[in-house]
1. Using only the alpha-carbon atoms, how far is helix 56-86 inclined from the longest principal axis of the chain? Give it as 0 to 90 degrees, nearest 10.
2. Ordered by packing density, taken as the mean number of other Cβ atoms within 10 Å over each peptide's residues, highest first, how do 57-69, 36-48, 127-139 rank?
3. Just grab the label-to-label distance for Ser137 and Ala96, each label 7 Å out from Cα along the Cβ direction, in nm (one decimal).
4. For region 52-108, what are Rg and Dmax over the alpha carbons, in angstrom?
5. So which of Lys34/Lys57; Lys40/Lys119; Lys54/Lys119 end up more than 22 Å apart by C-alpha?
6. Using label points projected 7 Å from each Cα along Cα→Cβ, tell me how many nm separate Cys22 and Leu89, to one decimal.
7. What value, in deg cm²/dmol to 500, does the helix sum -39500 (n - 2.57) over DSSP H runs of n ≥ 4 give at 222 nm once divided by the residues of the chain?
8. Could you calculate the contour length gain from Leu7 to Glu71, that is, 0.36 nm times the residue separation minus the distance between their Cα atoms, to one decimal place in nm?
Amino acid sequence: MAGVELLPREYGYVVLALVVYCFLNFWMSFQVGKARKKYKVTYPTMYAIESENKDAKFFNCVQRGHQNSIEAMPMFFMLMIVGGIRHPLICSSLGAVYIVSRYFYFTGYSTGDPQNRLKIGGFNFLAIMGLMICSISCGVNFLM
């Protein structure tokens, strides 16, 4: 169908934000791999046991920072994809906030003190709430 646009042109920013998050995820996984070597945690062990490894807490904080990001990824992707249909610029901006705050969430967690994940990393929750509002707006708009 020539001349019919299914998505707004600005939706490209949504796609690019999602790809940037994929790169962040790759980087986090490499950090976990480096931590495995540094703290001597072999595969398939997901989390180190403190009674067996004196550095278990440090490795577990790196692992947990990445694991939490993986757990939240489907929700982030879905909200970006759906909300971006109607609000591509807002969603891509919120996506940028989410990505930057997720970086700080991970690096803060990786210090070995889980409280450090929330200093700047806590803003990822605000970005998710904004993405939820955009997705609700998209859904309501389809019903009208």
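1. Compared with the principal axis, the helix lies near 0 degrees.
2. So the order, starting with the most tightly packed, is 57-69, 127-139, 36-48.
3. Between Ser137 and Ala96, the simple spin-label model gives 1.7 nm.
4. Final numbers for Rg and Dmax: 14.9, 52 Å.
5. Beyond 22 Å: Lys40/Lys119; Lys54/Lys119.
6. If labels sit at Cys22 and Leu89, their model points lie 2.6 nm apart.
7. Value at 222 nm, helices only: -25500 deg cm²/dmol.
8. Once the chain is fully extended between Leu7 and Glu71, it gains 20.3 nm.
Bear in mind that the values in this text are calculations on the coordinates, not laboratory data. Worth saying up front: this structure is predicted, and the values here are computed from it rather than measured. Because the Cβ atoms are built from the backbone with ideal geometry, glycine has one as well, and the counts that use them run over all protein chains shown.
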